[in-house]
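To start, the structure under review is shown below, and the notes come after it.
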Amino acid sequence: MFAAALRESARVVLPVAAVVTGATVMASANDEVVPAPNYPFSHKGPFSSWDTKSIRRGYQVYKEVCASCHSMKYMHYRDLVGVAYNEKEAKFLAEQIEVEDGPNDEGEMFERPGKLSDVFPAPYENEEQARAINNGALPPDLSLIAKARHGGEDYLFALLTGYREAPAGVTVNEDAGQYYNPYFPGGKIGMPLQLIDGAVEYDDGVESTASQMAKDVCTFLAWAAEPHQDDRKRVGQQMLTLFAICAVIAGYHKRFKWAPIKNTKISYFK
Amino acid sequence: MQSIMLRLRQNSLFNVYVNHAEWYPSPANLNYFWGFGSIALGVLVSQIVSGVLLAMHYNANINLAFNDVEHIMRDVVGGDGLRYLHANGASMFFISVYVHIGRGLFYGSYFYPRITLWYSGVILFFLMMAAGFLGYVLPWGQMSFWGATVITNFFSAIPVVGGAIVEWLWGGFSVDQPTLNRFFSLHFLIPFLLAGVAIIHIALLHEHGSNNPLGINENIKKIPFLTYYGIKDLFGIMLFIVFFVYFLVNCPNLLGHADNYIEALPLVTPAHIVPEWYFLPFYAILRTIPDKLGGVIAMVVAILILLSLPFLDTSKIRSGLFKPLHFINFILFICVTLCLGWLGQSVVEFPFSNLSEVVTILYFFYFISHFRLTTQYVK
Ligand code: HEM
């Protein structure tokens, strides 16, 4: 009876499924955005950790290229310690910036060198200034950008390396600060191409091609959005193992306890 | 020692445990679908514990809320795990409850004499939806803000007083500080109401006992709950935890929306406003009806129609195992609901809007078809 019922339902369900699939294909063909490919970032697997060397290079790209337009308001210099730099190096990096602090005993604000607890400096005073300098476009804060866009770091990589000539029929006004990028929703982005071969000089000798820098900065941004991911994966896999073992024990115990019930024979007499 | 146990066993509270858990008479043939009630209860406890801990680090202030959630994620020890546990716990709650409801639909658990039990379940379902919706507003991301705006706006469909009701809900003229404040307060309250109604739910269950896969009266053969279902449910819960933890570790943001990692911007409407996945089938039904009031009514009726099943279903046989037509109908209903969920997050244009009209009708057809149709086939 089950088989018959299943066959019956399949007869109804399959055509519906076919229509639905067809509709999806038709609809996605309409979309104005090119979906980002799935890149093999080394941190993606359930058992893989961050590529800290790449994070270190990515921070350098952020600092030397992106930081002139993009803030990262949730990132402190201390966050770099133990991941991309040791404490001494991170302190040194922090000291390169000037931070307004105060008031002091005289009630005056004063400038001091940065400390580990300071956030990365923001390039603009406020949103209005940021827009005024960027032809009206607002460079978003990058702390959470890898989680705040569909496709995460795959999208970021595709975006950063995806600049090209506008195809025939699409007009972009470069004088008004518009650039063609098929991965950006709508295709016209207010950010010019940033990563050209050799834009930074890596201190570990890795050759700074555009795609290498894009990979590094994307790894850095993915880490910045999810800084405790390694810990969570480690603890998570331990818990997963623990609960899987508990499940096996519980399952075995259940079989044991239920054996008498499963072997009970119930007979009915008139 | 023995005398202590004896004294304890005479205690009236302990008696509740003895009569309603330890020795509670249960049917011998419940399958694993009957374990999802226990699982849902477990998730409710987990939500309350993780929620109380989150509330220790959270301020319901429109300027602080988003930063507080980031503070929990970055600076609170174990805070990322805590927050993901709570955010995904809501989804797990709905997964377990949807299976639980599906079990009731298939095996006919809504039939007399379990009508009040079925009704208390619908109240639980409404409360859960309220808790989930209110909670999603708290991190004050783009989807929080715009989801709150869209959903509270449903009330404006009510003739004459609708506009006034919406402003009353908002505590102002848009979703703003007063809204966030009261949503936090209510989000804190509702899980405890849920716990209360869950106790009533179990009390009502124990009045007539569990239904069973055969749907027949089994008072001739009952087995004590703790020995058998204690361990069986524990096994189910362990498997569910493995599934849950796998989710937390590997894809904690899969069920969320990327836009919610952008702080709420009242002047920037997101390209697509989508509610949480567990509302999507009902959201699809809402959008199918071109008229606003009609849409809201259809959406509410889509849930309330559960209440009519004990009366619409004229079958003399409870369990779907013995009703082939019901069996097909049920599988179709699952597919229809999944399809509605998928339509709920698609854009409103050809072919989705046209498809959703058909699928919405199929959704209601499931309930209406129980009147006579399946019964006659059985004869
Ligand atoms: C029925 C049980 C509950 C459900 C279904 C539920 C659901 C949710 C949901 C969907 C969110 C948004 C998650 C996010 O994206 O961050 C949330 C957040 C929150 N909930 Fe709950 N919740 C429940 C119980 C509680 C309880 C009992 C409390 C406190 C006593 C609580 C406190 C909070 C707080 C403070 C937040 C904001 C923090 C955050 O967004 O991570 N919740 N809840």
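Before moving on, here are some points about what is shown:
- Residues of type lysines that A:Lys91 reaches as a straight line, Cα spacing below 17 Å, ignoring anything fewer than 8 places off in the same chain: A:Lys63, A:Lys115
- Reachable aspartates and glutamates from A:Lys88, criterion Cα separation under 16 angstrom, eight or more residues apart if same chain: A:Asp79, A:Asp118
- Chain B: Lys pairs at Cα distance under 20 angstrom, eight or more positions apart or on different chains: 4
- Pairwise label distance in nanometres, B:His208 with A:Ser49, each label 7 Å out on the Cα-Cβ vector: 5.8 nm
- Restriction of the trypsin sites (Lys or Arg not before Pro) in segment A:37-69 to DSSP coil positions whose beta-carbon has at most 16 other beta-carbons within 10 angstrom yields A:Lys44.
- Separation between Cα centres of segment B:292-348 and segment B:10-62, rounded to whole Å: 28 Å
- Of the chymotrypsin sites (Phe, Trp or Tyr not before Pro) found in segment B:138-238, the ones in coil according to DSSP and having at most 11 other Cβ atoms within 10 Å of their Cβ are B:Phe173.
- Among the GluC sites (Glu not before Pro) in segment A:171-242, those located in a DSSP loop and surrounded by at most 13 other Cβ atoms within 10 Å of their own Cβ are A:Glu201, A:Glu207.
- For the protein assembly as shown, a crude dipole built from +1 on the beta carbon of Lys and Arg and -1 on the beta carbon of Asp and Glu, taken about the Cα centre, is about 5220 debye to the nearest 20.
- Under 18 Å from the Cα of A:Lys44 - lysines, other chains or at least 8 residues apart: A:Lys53, A:Lys147, A:Lys215, A:Lys233
- Stretchable slack from B:Tyr112 to B:Lys222, in nm (0.36 nm times residue separation minus alpha-carbon distance): 37.6 nm
- Other-chain or far-sequence residues with amide H under 5 Å of B:Ile223's (modelled H): B:Ser26, B:Ala28
- The B and A chains share an interface that buries close to 4300 Å² of accessible area, total over both sides, probe 1.4 Å.
- Sequence-separation-based contact order of chain B, relative, with Cα cut under 8 Å and 6+ spacing, percent: 23 percent
- For the pair B:Ile361 and B:Ala130, a Förster radius of 35 Å applied to the C-beta separation gives a FRET efficiency near 0.80, rounded to the nearest 0.05.
- Label separation (A:Gln96 vs B:Leu64): 3.5 nm, computed from points 7 Å beyond Cα along the C-beta direction.
- Between the residues B:Met238, A:Leu116, B:Ser185, the greatest Cα displacement towards the positive end of the dipole of the protein assembly as shown, with unit charges on the Cβ of Lys, Arg, Asp and Glu, is found for B:Met238.
- Global form of segment B:1-143, assessed from the alpha-carbon gyration tensor, a/c cut-off 1.5: oblate
- With R₀ set to 45 Å, the beta-carbon distance separating B:Asp291 from A:Leu116 gives a calculated FRET efficiency near 0.15.
- Where chain A is the region considered: accessible area per residue in Å², 1.4 Å probe: 59 Å²
- Heavy atoms of the protein chains alone define the surface here; on that basis chain B has 46 Å² accessible area per residue at 1.4 Å probe size.
- Of all DSSP beta bridges in the protein assembly as shown, antiparallel share, percent nearest 5: 90 percent
The values are calculated or read from the model by the stated rules, or taken from the named source; none is laboratory data. Here the structure is a predicted model, which is why all the values come from computation and not from measurement. Note that each Cβ is placed from the backbone with ideal geometry, even for glycine, and that neighbours are counted across all protein chains shown. Ligands, DNA and RNA are excluded from the accessible area calculation, which covers all protein heavy atoms including side chains. Shrake-Rupley method; radii C 1.70, N 1.55, O 1.52, S 1.80 Å.
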